[in-house]
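What follows is a single structure, written as C-alpha cells, with notes after it.
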Amino acid sequence: MYSQGLIGADGRTEEDEAFLAAFQARIDAEEKIEPKDAMPEGYRKTLVRQIGQHAHSEIVGMLPEGNWITRAPSLRRKAALLAKVQDEGGHGLYLYSAAETLGVTREQMTEELLSGKAKYSSIFNYPTLTWADIGTIGWLVDGAAIMNQIPLCRCSYGPYARAMIRVCKEESFHQRQGYEIVMTLARGTEAQKAMAQDALNRWWWPSIMMFGPHDAESAHSEQSMAWKIKRFSNDALRQKFIDATVPQAEFLGLKVPDPDMAWDESLNDGKGGYRHGPIDWDEFWRVVKGGGVMNRDRIKARRKAWDEGAWVREAAQAHAEKRAARRAGEDAGGKVAAE
Amino acid sequence: MAEATRLWEVFIRPRNGLSHRHVGSLHAADEVLALQAARDVYTRRGEGTSIWVIPSDAITASDPDHAAEMFDPTADKIYRHPTFYDIPEDVGHM
C-alpha cells in the first residue's frame, strides 16, 4: 500500500539540452529505462525518493495491522491478516531492491527512515482502534493503493514497473479480505454495524488524502508525468477511487462521512461521478510533518526492530565469515595434500 | 551505519520445462540464508519449483552505452533469417 502523493519530489536536473531531449525521446517512445542506462540526475533522484517512500510505506504499513494479529476474531481472520502483513513486508523488499538499482544502499534508506529524514505515507500515522479498522484499511487504504499502483506497473523505470506488477498481483486479496471483514460487521449486530460505520468515518478522509495534494498544488507532478514515472494526476486517481468506492459503501448500508458528496453529471467528461466536499489539507500536512497521533510510535517501533535485530544480522554475518574461512582452509589443505 | 550484507540475484524456475528467470534481488549474509529469504520473498504463492541465488557481484554485464556496437551485427545480417531466401511456392512449406 502506498499513497500517490510523493512528498518533496525534486525533478531539477542539470544535463544539457541534447541529452535531455534524447532521454525524453526514449520515454516518449515508451522505451523502458533500465538500471545502467544513462538518465538525468533529476529522474534518478525522483525515483530514489519515490520508490524509497513507497518501500518505507510498505514496511511501516505492517505496524497498524500487526497490532491486531493476536486479537483477530477467528483463526481464518488471523491467518489472512498474517499473510497480508507478510505480503507488505515482501512488497517493501521488492521496492528496496528496485531503489537499490539506482545506486542508493539499503542501509542508507533504513537510516533515513529511522532518522525521520525519509517520509512514508501519512495514512499509517493514524491508529487502529477497533477490529473494524483492519477491514476498513484493507478496503479503503489498499483500495486506494491499488488505484495508484496499477498505473505504476507501466512506469518508465523497468525495475519499479516490474516490482509493481508483483505487488498488484498480490494486493487484490488484501482489498477483498478487508471488504469481507467490513461486510461481516455491517451485516452483524447493531453494535457491529456501528463499529464499521465508525471506522469508515475515521478512515475515509485520510484515504482520499492518500492521492496527494490537488493537481494545482502538486509541485513536481508535471515533470513526473513527462518522464512517465506517473501516468495519472492526483485528482484523476482520487476521482476514480471515489467513484468506485461510494457504491461499495452503499452496498454495505454504510455512509461515506462527506455531507457534500453528490452525483454530478458533469464529472468524468460528462459520464458523471461523485463530487466530494473540501478536503482538510491542513490536517494532511500536519500529519505529514509529524503531528499525527502515531508518528512517534511508528518510528519508535521501527528503531526497536532494527536495534533488537542487530544481533541476528551480526550472528549471520559472523557465521558466513566462519564458513567462508573454513572452506578457504579446506581448499588450501586439499591442495597441499594433492601436491 | 550498519555493515552492508551481500546482495544476491534471485532466479526462479516457475515449473519444470521452463528455464530459471530473474525475479529480483535480496540481501543475505550467505547462500543458505539467501535461499531461505528468496523462498519467503519470491515464492509465497507457488511461483516456482526451483530457486537459484547468485552473488550480484559475480555477474558481468554488457555496457548499455555500447549496446549499439555490441548488438549491431544482428540487424544488418538479414541473410541469417529464413525470409531472406526465395523459394517457389510450388515447393511447399519449408
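Find the percent of Cα-Cα distances in the stretch A:220-295 that exceed 22 Å, and round it to a whole number. Before the final figure, lay out each step's value.
Working: 1279 of 2850 pairs.
Tail of P(r) above 22 Å: 45 percent of Cα pairs.
Counting only other chains, what is the mean number of Cβ atoms within 10 angstrom of the Cβ of each residue in peptide B:4-13? Intermediate values should be presented prior to the final figure.
On the way: counts 4, 6, 2, 4, 0, 1, 1, 0, 0, 0.
Partner Cβ neighbours, averaged per residue: 2.
At q = 0.11, 0.14 Å⁻¹, what log₁₀ I(q)/I(0) does the stretch A:166-243 have when each alpha carbon counts as one equal point scatterer in the Debye sum?
These q points yield log10 I(q)/I(0) values of -0.44, -0.66.
Please report the carbon-and-sulfur percent of the accessible area for the protein assembly as shown; probe 1.4 Å, protein heavy atoms only, DNA, RNA and ligands left out.
Result for the protein assembly as shown: 56 percent of the exposed heavy-atom area is carbon or sulfur.
Give me the angle, in degrees from 0 to 90, between the Cα long axis of helix A:310-338 and the longest principal axis of the Cα atoms of chain A, rounded to the nearest 10.
30
From the backbone phi of the stretch A:138-152, what are the Karplus-calculated ³J(HN,Hα) couplings (6.51 cos²θ - 1.76 cosθ + 1.60, θ = phi - 60°) in whole Hz, Gly and Pro given as x?
x, 5, 8, 5, 5, x, 5, 4, 5, 3, 7, 7, 4, x, 5
Could you work out which residue, out of A:Ser97, A:Ser57, A:Ser115, moves most in a Gaussian network model of chain A, that is, has the largest mean-square fluctuation with Cα springs under 10 Å?
So, out of A:Ser97, A:Ser57, A:Ser115, the one fluctuating most is A:Ser115.
In degrees, nearest 10, range 0 to 90: what is the angle between the Cα axis of helix B:31-42 and the longest Cα principal axis of chain B?
Tilt of helix B:31-42: around 70 degrees.
In percent, how large is the relative contact order of chain A, given Cα pairs closer than 8 Å and 6 or more residues apart?
20
How are the C-alpha pair distances of chain A spread across 10 Å bins, as whole percents from the shortest bin up?
Histogramming chain A at 10 Å steps yields 5, 23, 30, 22, 11, 5, 2, 1, 0 percent.
Can you work out ³J(HN,Hα) from phi for every residue in the stretch A:88-105, in order, using Karplus 6.51 cos²θ - 1.76 cosθ + 1.60 and θ = phi - 60°, giving whole Hz and x for Gly and Pro?
These are the phi-based 3J(HN,Hα) values: 4, x, x, 4, x, 5, 4, 6, 4, 4, 5, 5, 5, 5, 9, x, 9, 8 Hz.
Using +1 on the beta carbon of Lys and Arg, -1 on that of Asp and Glu, and nothing else charged, what's the dipole of chain A about the Cα centre, debye to 20?
That gives chain A a dipole magnitude of about 1260 debye.
Extending each Cα 7 Å along its Cβ direction at B:His93 and B:His66, get the distance between those two points in nm, one decimal.
4.3
Report, to the nearest 10°, how far helix A:106-115 tilts away from the longest principal axis of the Cα atoms in chain A, using its own Cα long axis and a range of 0 to 90°.
Long axis of A:106-115 versus the principal axis of chain A: about 50 degrees.
Counting partner chain Cβ atoms within 10 Å of every residue's Cβ in A:85-97, what's the average?
Partner Cβ neighbours, averaged per residue: 3.
Once amide H atoms are placed 1.01 Å from N in the peptide plane, what residues at a sequence separation of 5 or more from B:Ser50, or on another chain, have their amide H within under 5 Å of its amide H?
B:Arg13
Give me the Kirkwood hydrodynamic radius of the stretch B:6-86 in Å, from all C-alpha pairs, to one decimal place? Mind dumping the intermediate values first?
Working: mean 1/r = 0.0653 Å⁻¹.
Here the Kirkwood hydrodynamic radius works out to 15.3 Å.
Given a 1.4 Å probe and the protein chains all in place, what does the accessible area of A:Phe284 round to, in Å² to the nearest 10?
Roll a 1.4 Å probe over it and A:Phe284 shows about 10 Å².
Residue by residue, what Karplus-based ³J(HN,Hα) values in Hz, rounded to whole numbers, does the stretch A:271-284 have, using 6.51, -1.76 and 1.60 with θ = phi - 60° and x for Gly and Pro?
7, x, x, 8, 8, 9, x, x, 9, 7, 6, 4, 5, 3
How big, in percent, is the set of alpha carbon pairs in the stretch A:269-339 lying more than 14 Å apart?
Value for the stretch A:269-339 (Cα pairs over 14 Å): 79 percent.
Out of B:Pro64, B:Pro14, B:Pro55, any idea which swings most in a Gaussian network model of chain B, alpha carbons joined below 10 Å?
Among B:Pro64, B:Pro14, B:Pro55, the largest GNM mean-square fluctuation belongs to B:Pro64.
Go through A:Lys32/A:Lys117; A:Lys119/A:Lys228; A:Lys119/A:Lys300; A:Lys119/A:Lys230; A:Lys84/A:Lys322; A:Lys78/A:Lys304 and tell me which ones have a Cα-Cα distance over 26 Å in this structure.
Checking Cα-Cα distances, A:Lys32/A:Lys117; A:Lys84/A:Lys322 exceed 26 Å.
Most mobile of A:Ala194, A:Ala318, A:Ala98 per a Gaussian network model of chain A (Cα springs, under 10 Å)?
In this elastic network of chain A, the residue with the biggest mean-square fluctuation among A:Ala194, A:Ala318, A:Ala98 is A:Ala318.
What average number of partner chain Cβ atoms lie no more than 10 Å from the Cβ of the residues making up B:25-38?
Partner-chain Cβ atoms within 10 Å, mean over residues of B:25-38: 4.
Given axes a ≥ b ≥ c from the Cα gyration tensor, I'd like to know whether the stretch A:1-158 is rounded (a/c under 1.5), prolate (a/b larger than b/c) or oblate. Write out the running numbers ahead of the final one.
Values: a/c = 2.64, a/b = 2.20, b/c = 1.20.
Note, shape of the stretch A:1-158 comes out prolate.
Select from B:Leu33, B:Asn16, B:Phe71 the residue farthest towards the positive end of the dipole of the stretch B:6-86; place +1 on Cβ of Lys and Arg, -1 on Cβ of Asp and Glu, and compute about the Cα centre.
Of the candidates, B:Asn16 comes out farthest on the positive side.
Could you size up the charge dipole of the stretch B:6-86 around its Cα centre, putting +1 on the beta carbon of Lys and Arg and -1 on that of Asp and Glu, and report it in debye to the nearest 20?
In debye, rounded to 20, the stretch B:6-86 gives about 620.
The values are calculated or read from the model by the stated rules, or taken from the named source; none is laboratory data. In this text the structure is predicted, and so the values were computed from the model without any measurement. Glycine gets a Cβ as well: all are built from the backbone with ideal geometry, and neighbour counts include every protein chain shown. Side chains included, ligands, DNA and RNA excluded: accessible areas come from the protein's heavy atoms. Shrake-Rupley method; radii C 1.70, N 1.55, O 1.52, S 1.80 Å.
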